[in-house]
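This report concerns only the one structure given below.
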Amino acid sequence: MVSSVQILLLVLSILAYLAGGLSAMAALVGKKIPVISRPVTLCVGLVMSLTLLLLHCASTGLWQPLQNNFSAMVTMAVLLAAFVAYIQFRRPVPSLEWLAMPVVVLLLLMAGHFGTAKPEQYLPNAYSVVHRVTSYLGALSFLISGVTGILYLISAQNLRGRKKGGHAPPRPGVFGSLERLEHLTYSSVTFGFALFTLGLITGFVWIHHEGAGRMGASWYLSAKVILALAAWAIFAVVLHTPIAPRLRGRKNAILSIVGLVLTLATMVAVLLMPAGGAS
Amino acid sequence: MQRLVMIGMNHSTAPLAVREKIAFSNTQRELALGQFREKFPEAEAVLVSTCNRVELYAARPVHGRPRIDDLVAFVAAFHDLPESEVKAHIYERSNRAVAEHLFTVASSLDSLVVGETQILGQIRDAYEVSKKLGMVGNLLNPLFQRAIAAARDVMAATRLTEGRRSIASIAVEYARQIFENFRDKTVLSIGAGKMSSLVLQHFSELQVKRLVVCNRDQTRAQALASRFGGVAARMDDLMQHLAEADIVISSTASPAPIITPTMFEQVMKQRRWRPSFLVDIALPRDIDEAVGDLENVYLYNIDDLQEVAAATDSNRREAVQSARELVLKQVDEFVTWHTAREVGPLIEQLFSRSHNMARDEVQRTLKKLPDLSAEQRQHVEELARRIVNKLLNDPVQAIRESGTEASPFVRALAKMFRLRS
């Protein structure tokens, strides 16, 4: 299912994203790695992983990005890296790569592991396609909001830590302004929440339509469903910040981070499900 | 002969919380100097009080007062504080070390932000106040004049003032880390003094939506607001303006905090917990430290901003080094000049007395040698004169080189040779 050329491209993509992440981390602690330019590593990583996706689609003959667990994870990684590239080329948040690249690498590692050890072809019916597209895009948005939430928390801690004398003076432009990070978090949660809700609804309709046979009678007690609902509930709270202003700022960022962990856990649960239950 | 003494505390020896208790407002300074004169009528005094330091310089007769302990007791009593609290944070200097310290301070080499020029103006102000009150005389007058002139020379001759970051620009950098867009933000200045004006200038460049100046004196508020296209407001409406302001710059002369945690919690509720950036550049502080613990409040005081500004000093080590060398040279020149002025008349007396004695002895001897020719008599007189000069040369040189430590030598000399000191 996954050829050795695809594995090679996967490894090269991981290395490129890893180099970008390390370079961003070095810049964050005040060191420069002149050999590794972050825009270059990001572009190289994107080209590699996109080529990998195209090659995989060509090898299966199905030109769908979410046709199996391997392509689903690679698609998520490509979209997340593309989002980072968009932000960095528009109005950079230098430290974004430091946090986003490990998530991209994690998604690619999950693709490599589950795509080869436990390959699973997703069903091509209408409910399944809508469910997968909305759920994965929703999850991707939640991952982004979690990453920006972490950046918000670190930046806010640095800014508040100044008066306690515990932190070095923050450097302007390293994290991006709190206002922008909050905006990014809230926008991605709004977008992700709508898609994820649609993903959950189509998922339930699909189970109802197909019968509970594929996931068992107590499908609602499966890790995938419980974790997905928990993540959805967390982001529902984040989404309601305008009517609960006390949640603004750090509390919201912490909730987004919890949501990020739950989203990642949901994805792992999906990948670990018995064949047929994941899609 | 006079002695120089001083005590002081600054940003490195005392935290802001202590400095704000010891600080003297302009009115308090004049009052304190008046009390000082009553207590030590023979002494001279200059009192320097800035947001970073409080220093009391005094000159007294050799055996007179005040001594260091008297200065500590005086400052503690003025502020109604226990002496131990003052003593725990002070540094003390005497004689040459006082001159060296003052020259270093005036040149901003002792400032948290090396190269800042404000301190020179503050030293000059302190000197002018003492001069107006007749509190500077033979020693502090030339000392402060020389220190001010030396600081100007140091700043002109070195690159000390180049490349430094101002407190205002650092405040703007912090604001940029909190806010992305300033076109929808309101800036509120509480107070309309010089510092507020400096900081507002930087914030007005961000093209904020609204700028409000809140001050007790409406004329000053109006003047400052119109400079930056803002509006003046009354202090009675402070709560309302705080709720509307995203950025607050506070610099009043209030002796107690004007913004408390309880009060600001109400403000934050009205703001629906939108982030609030507070810059407190007043001393004593205008904003209670606990306000900074409220969620979404980012509070910075003068020390926070100065510490960041000080971080740029490492880039100017070379300039600092040459400035220090120049300061030491200027101190040496002052001390030499001062010693010469102090011991000059005494040395003159010593030479005159010794030469008179030698001349008398030569005359007595020449009377016993009537056969000597005029040329031979002249040789003998010259011999006596040279012996006196050679004998006195080393001790006189030692006194001249002893600088402000010359007093014991001078006293001994006066006593041994029966001179009038």
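Read-outs throughout are calculated quantities, based only on the coordinates presented, and are distinct from any laboratory measurement. Keep in mind it's a predicted model, so treat the numbers as computed, not measured. With ideal geometry, Cβ positions are generated from the backbone for all residues, glycine too; neighbour counts draw on all protein chains shown.
Can you work out D for the range B:223-276 in µm² s⁻¹ from Stokes-Einstein, where Rh is the Kirkwood radius over C-alpha pairs, the temperature is 4 °C and the viscosity is 1.567 mPa s? Mind showing how you got there, number by number?
Working: Rh = 12.5 Å.
Result for D is 104 µm²/s.
First measure r as the distance between the Cβ atoms of A:Leu229 and B:Ala157, then evaluate 1/(1 + (r/R0)^6) with R0 = 45 Å and state the FRET efficiency to the nearest 0.05. Mind showing how you got there, number by number?
Values: r = 73 Å, r/R0 = 1.62.
Between A:Leu229 and B:Ala157 the formula returns 0.05.
If a/c stays under 1.5 just call it rounded; otherwise compare a/b with b/c (prolate if a/b is bigger, oblate if not). Do that for the range B:2-163, with a ≥ b ≥ c from the square roots of the Cα gyration tensor eigenvalues. Don't jump to the answer; show the numbers that get you there.
Working: a/c = 1.73, a/b = 1.26, b/c = 1.38.
Note, shape of the range B:2-163 comes out oblate.
Please give the FRET efficiency for B:Ser84 paired with A:His183, using the beta carbon to beta carbon distance and R0 = 45 Å, rounded to the nearest 0.05.
Numbers: r = 53 Å, r/R0 = 1.17.
It comes out at approximately 0.30.
Using modelled amide H (1.01 Å from N, peptide plane; none on Pro or chain starts), what sits under 5 Å from the amide H of B:Leu299, excluding residues fewer than 5 places away?
HN-HN under 5 Å from B:Leu299: B:Leu278.
Rounded to two decimals, what is the ratio between the C-alpha radius of gyration of the range A:122-272 and 2.2 N^0.38 Å? Spell out each step's value before the answer.
Details: Rg = 18.0 Å, N = 151, 2.2 N^0.38 = 14.8 Å.
Compactness ratio reported: 1.21.
Which distance in nm do the two modelled labels at B:Phe351 and B:Arg385 give, with both placed 7 Å along the Cα-to-Cβ direction?
1.2
How far, in nm, would the chain grow between B:Thr365 and B:Asp69 when pulled straight, counting 0.36 nm per residue and subtracting the alpha carbon separation?
Value of the extension gain: 100.8 nm.
How long are the semi-axes of the equivalent ellipsoid of the range B:167-311, taking √(5λ) for every eigenvalue λ of the Cα gyration tensor, in whole Å from largest down? Walk me through the numbers on the way to the answer.
Working: eigenvalues 70, 62, 53 Å².
Semi-axis lengths for the range B:167-311 are 19, 18, 16 Å.
Can you give me the long-range amide H partners of B:Ile249? Hydrogens built in the peptide plane at 1.01 Å from N, cutoff under 5 Å, separation of 5 or more residues or another chain.
Amide H to amide H, under 5 Å and 5 or more residues apart or across chains, B:Ile249 pairs with B:Leu188, B:Ser189, B:Ile190, B:Val279.
Going toward the positive end of the dipole of the range B:1-68, with +1 on Lys and Arg Cβ and -1 on Asp and Glu Cβ, which of B:Ala14, B:Gln35, B:Phe24 do you reach last?
Farthest towards the positive pole: B:Ala14.
Might you report the magnitude of the Cβ-based charge dipole of the protein assembly as shown about its Cα centre, with Lys and Arg at +1 and Asp and Glu at -1, to the nearest 20 debye? Write out the running numbers ahead of the final one.
Details: 74 positive and 59 negative charges, 90 e Å.
Once rounded to the nearest 20, the dipole reads 440 debye.
Greater than 32 Å separation of Cα atoms is the criterion. Which listed pairs, A:Lys251/B:Lys185; B:Lys87/B:Lys269; B:Lys194/B:Lys329; B:Lys131/B:Lys329, meet it?
Working: A:Lys251/B:Lys185 23 Å; B:Lys87/B:Lys269 43 Å; B:Lys194/B:Lys329 34 Å; B:Lys131/B:Lys329 26 Å.
Going by Cα-Cα distance, B:Lys87/B:Lys269; B:Lys194/B:Lys329 fall outside the 32 Å limit.
At a Förster radius of 25 Å, what calculated FRET efficiency corresponds to the Cβ-Cβ distance of B:Leu31 and B:Gln266, to the nearest 0.05? Write out the running numbers ahead of the final one.
Numbers: r = 37 Å, r/R0 = 1.47.
Plugging the Cβ-Cβ distance into 1/(1 + (r/R0)^6) gives 0.10.
Would you mind computing the Rg to Rh ratio of the protein assembly as shown from its alpha-carbon coordinates, Kirkwood style for Rh?
Details: Rg = 38.3 Å, Rh = 31.4 Å.
When Rh is taken as the Kirkwood radius, the ratio is 1.22.
So how tilted is helix B:218-227 from the main axis of chain B? Cα-based, degrees 0 to 90, rounded to 10.
Between the helix axis and the principal axis of chain B, the angle is about 80 degrees.
Taking a virtual spin label 7 Å from the Cα of B:Arg124 along the C-beta vector, which residues in the range B:40-62 bring their backbone nitrogen under 12 Å of it?
Hits in the range B:40-62 for B:Arg124 at 12 Å: none.
If I fit a long axis through the Cα atoms of helix A:126-161 and take the longest principal axis of the Cα atoms of chain A, what angle between them do I get, 0 to 90°, rounded to 10?
Helix A:126-161 sits at roughly 20 degrees to that axis.
Assign one of three labels to the range A:104-161, namely rounded, prolate or oblate, based on the Cα gyration tensor with a ≥ b ≥ c the square roots of its eigenvalues; rounded applies when a/c is under 1.5, prolate when it is not and a/b is larger than b/c, and oblate otherwise.
Judged from the Cα gyration tensor, the range A:104-161 comes out oblate (a/c at least 1.5, b/c at or above a/b).
Could you tell me how far the Cα centroid of the range B:1-58 sits from the Cα centroid of the range B:222-278, in Å?
One Cα centre to the other: 32 Å.
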